[in-house]
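In what follows, a single structure is set out as structure tokens and then discussed.
Just so you know, all these numbers are worked out from the coordinates, no wet-lab data involved. Since the model is a prediction, treat every value here as computed from it, not as a measurement. Every residue, glycine as well, gets a Cβ built from its backbone with ideal geometry; the counts of neighbours run over all protein chains shown.
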Amino acid sequence: MIRFLTAGESHGKALVTIIESFPSNLTIEIDKINFQLKRRQSGYGRGLRMKIETDTVEIISGIRFKKTLGSPIALKIQNKDWANWIDLMSPESINKVEKITIPRPGHADLTGTSKYNFNDIRNSIERSSARETAARVAACSIARIFLEEFGISVGSYVESIGGVYAKNDFSQKLFSNELPGNFSGSFLINEADKSEVRVLNSELEKRIISKIKSAKKKGDTLGGTFYTVATGVPPGLGSFIQYDLRLDADIASSIMSINAVKAIEIGTGFLSADSFGSASHDEIIKVADGYSRRTNRAGGIEGGISTGLPIIVRAAMKPIATLMKPIQSVDLKDGTAVDARRERSDFVAVPACAVIAESMLAWVIAKHFLNKFGGDSMEETKDNYSSYMKKLNSRIKKNFRK
């Protein structure tokens with residue numbers, strides 16, 4: 001089973017990640033990883049840090065002459081701001097610094113300090129920061145590249161920021177299953193990335209940017225909602241045999257692990273809870289090469305298993321916890337009521353959050369893909385996948401028409 005681990009603090013020397021169990025002979029272009037890292041840093045409303053450093057990755061191990069070896073892949077992202085934080089973040093010397101004692105509501109400041117028995121909130125801030133997601137995006141870029149070999153792509157777009165929605169959202173086209181034949185996750189990336197806030201509607205973009213400007217003036221922050229879509233996913237990934245093998249459960253866990261994400265739904269999600277069954281489920285139809293669904297309200301997953309239709313995930317991100325005009329907190333030194341402290345931060349990060357969600361969705365799909373098709377080399381994996389796809393519909397016909 002593939003897995004990755006990340007290490008590093010927000011203002012430490014670097015972020016690193018180790019990725020295990022991808023097959024050998026997968027071609028890796030470093031520019032594809034750096035492209036995703038750049039997308040993670042984009043979006044109107046981001047903070048100062050996005051202007052002072054551009055993330056790029058260094059490949060440490062596991063790849064030779066641009067091909068994976070089947071051994072662990074190690075990647076490193078240098079924190080260019082490290083030089084300004086050496087005294088505050090030194091791993092070797094013990095320096096006298098002013099301790100942070102005022103936690104921010106909505107952040108991991110107080111929970112982390114309580115759990116790990118810290119006497120300085122800085123220790124909690126550094127690892128709980130969304131900076132860690134840069135390492136995730138780098139790791140998951142390997143999964144993206146792997147999925148591309150099988151025609152699977154993952155994209156996203158922002159649905160709303162600060163409660164500002166479009167009148168006719170693109171999601172209705174996704175659920176109707178009436179998308180053009182050339183629609184793909186890559187199409188969503190190309191279209192959404194044209195917008196500073198990654199929406200698919202120019203009028204909506206103007207209204208959202210106006211709302212962000214208003215939040216900035218007030219010293220406030222905004223959250224929002226976004227859709228992440230995977231196309232080209234074959235039927236049969238995931239399982240209902242055990243709870244932890246269900247594809248939708250794994251997706252939900254991975255998206256909810258992203259900083260500030262507070263809700264997730266697959267397909268029509270909460271809307272289906274208010275609908276009749278006849279208006280919620282997808283009718284099964286016969287098509288030329290097998291079976292499909294008339295609509296895609298299930299979001300490409302039934303019974304924890306992929307149906308072959310696009311996987312549709314919607315998530316909600318809460319507003320950034322750091323406010324320039326802080327709300328009330330408590331000073332842990334003496335228990336007095338004070339305003340929460342400030343920390344360098346964004347005003348809005350919903351567009352970046354959607355990019356991170358693409359990465360996590362790609363990882364989960366790649367994990368279930370390899371669980372099903374296996375293979376120590378790309379050649380073996382492709383053979384297994386090709387054999388399955390060729391026999392998929394003929395097996396159904398054979399089993400039920402004896």
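State whether the range 134-203 is rounded, prolate or oblate according to the following rule on the C-alpha gyration tensor (a ≥ b ≥ c being the square roots of its eigenvalues): a/c under 1.5 gives rounded; otherwise a/b larger than b/c gives prolate, and the remaining case gives oblate. It comes out oblate by the Cα gyration axes. Helices that extend 20 Å or more along their long axis by alpha-carbon positions and average at least -0.5 on the Kyte-Doolittle scale are, among the DSSP H runs of the chain, 133-148, 350-373.
Loop-located trypsin sites (Lys or Arg not before Pro) in the range 1-108 (DSSP state other than H, G, I, E, B) with a sparse environment of at most 14 neighbouring Cβ atoms within 10 Å: LYS66, LYS96, LYS99. Only helices enter this figure: runs of n ≥ 4 DSSP H residues, each worth -39500 (n - 2.57), summed and divided by the residues of the chain, yield -10500 deg cm²/dmol at 222 nm to the nearest 500. Spatial offset of the range 180-201 relative to the range 261-332 amounts to 18 Å, using the alpha carbon center of each. Ignoring the sites themselves, the chain has its longest run without chymotrypsin sites (Phe, Trp or Tyr not before Pro) in a DSSP loop having at most 14 other Cβ atoms within 10 Å at 66-239. For the residue pairs LYS66/LYS382; LYS372/LYS397; LYS38/LYS67; LYS38/LYS66; LYS67/LYS262, the C-alpha atoms sit more than 27 angstrom apart in LYS67/LYS262.
Put simply, the Cα atoms of the range 332-397 extend 71, 24, 23 Å along their principal axes, the longest span coming first. Among the GluC sites (Glu not before Pro) in the range 162-249, those placed in a DSSP loop whose Cβ has at most 13 other Cβ atoms within 10 Å are GLU178. Taking max minus min of the alpha-carbon positions on each principal axis, the chain gives extents of 79, 50, 38 Å, largest first.
Gain on full extension, evaluated as 0.36 nm per residue between SER257 and GLU379 minus their Cα-Cα distance, stands at 40.6 nm. Shown is the FRET efficiency for VAL287 and MET1, computed with R0 = 51 Å from the Cβ-Cβ distance and rounded to the nearest 0.05: 0.95.
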